[in-house]
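Student: Here you go, one structure.
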Amino acid sequence: MADISVSLGSHASIAPVTPEELCALYADRVCRFAAVVAGRDGDPEEIAQEALLKAITKLDRFDPRRGSMEGWLWRIVANTAKDATRKARLRALLTGRLARRDSAVVDLEAVAVERLSAGELLEAIARLSPRDRQLLGLRFVADLDTASVGQIVGLSAESARRAIGRALDRLRVLVSGGLR
């Protein structure tokens with residue numbers, strides 16, 4: 001990756017910064033900042049690592065005319081923490097909806113759901129394909145009806161209903177397989 005000339009926050013001069021230099025200059029402070037902005041639901045180490053990776057991959061797009069390197073980097077860390085918090089809340093909401101007895105997901109075998117911890121259920125969901133996770137997330141986390149889910153993923157309401165059913169069947173297999 002080519003060197004990028006950037007203003008290093010409080011430093012008055014403009015200096016070329018490589019990905020290695022970016023990490024050397026900011027990694028410790030990014031970790032500390034991530035620990036503050038992570039909140040209860042975020043993993044500060046994961047947030048810091050993901051934020052630094054984003055910064056490195058976007059380093060060639062940094063524009064010093066729009067602000068300092070530090071300001072740019074702190075926005076990346078804050079946005080990464082916000083995304084992590086949102087994902088954690090969605091996971092918790094999905095787990096809650098899947099475990100509720102009065103929801104349509106009771107078909108997951110009530111006994112199995114009762115035996116599963118939230119982590120085990122999320123692990124099973126994570127093993128599903130991205131499309132299955134999307135279908136289940138739209139239906140049970142976003143609480144959309146099958147017609148709305150179908151519209152979002154490009155299916156008819158009936159096709160979406162069947163696809164959600166197949167995703168639930170695959171989740172059921174993963175859940176029951178984990179209880180043996």
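Student: Which of the residues belonging to segment 111-163 are among the aliphatic types (A, V, I, L, M), at pLDDT 85 or above and not in a helix (DSSP H, G or I)?
Tutor: Leu128, Leu155
Student: Does Val77 satisfy being at pLDDT below 85 and β-branched (Val, Ile, Thr)?
Tutor: Here the answer is no, as Val77 does not meet what is asked.
Student: Also, quick follow-up: Give segment 66-80 a look and list any residue that's surrounded by fewer than 22 Cβ atoms within 10 Å (Cβ to Cβ) and farther than 16 Å from Leu25 by Cα, or say none.
Tutor: Residues satisfying the conditions are Arg66, Gly67, Arg75, Ala78, Asn79.
Student: Scan segment 42-58 for residues that are exposed (fewer than 15 other Cβ atoms within 10 Å of the Cβ) and farther than 14 Å from Thr85 by Cβ and report the count.
Tutor: 4
Student: Would you confirm, using the coordinates I've provided, whether Ser13 is in contact with a helix residue (DSSP H, G or I) (Cβ under 8 Å, 6 or more places away or on another chain), modelled with pLDDT under 70 and hydroxyl-bearing (Ser, Thr, Tyr)?
Tutor: Numbers: in contact with a helix residue (DSSP H, G or I) (Cβ under 8 Å, 6 or more places away or on another chain): no; modelled with pLDDT under 70: yes; hydroxyl-bearing (Ser, Thr, Tyr): yes.
When the stated conditions are applied, Ser13 does not pass them.
The values are calculated or read from the model by the stated rules, or taken from the named source; none is laboratory data. Note that the structure is a prediction, hence the values are computed from the model and not measured. Positions of Cβ are generated from backbone atoms using ideal geometry, with glycine treated the same way; all protein chains shown enter the neighbour counts.
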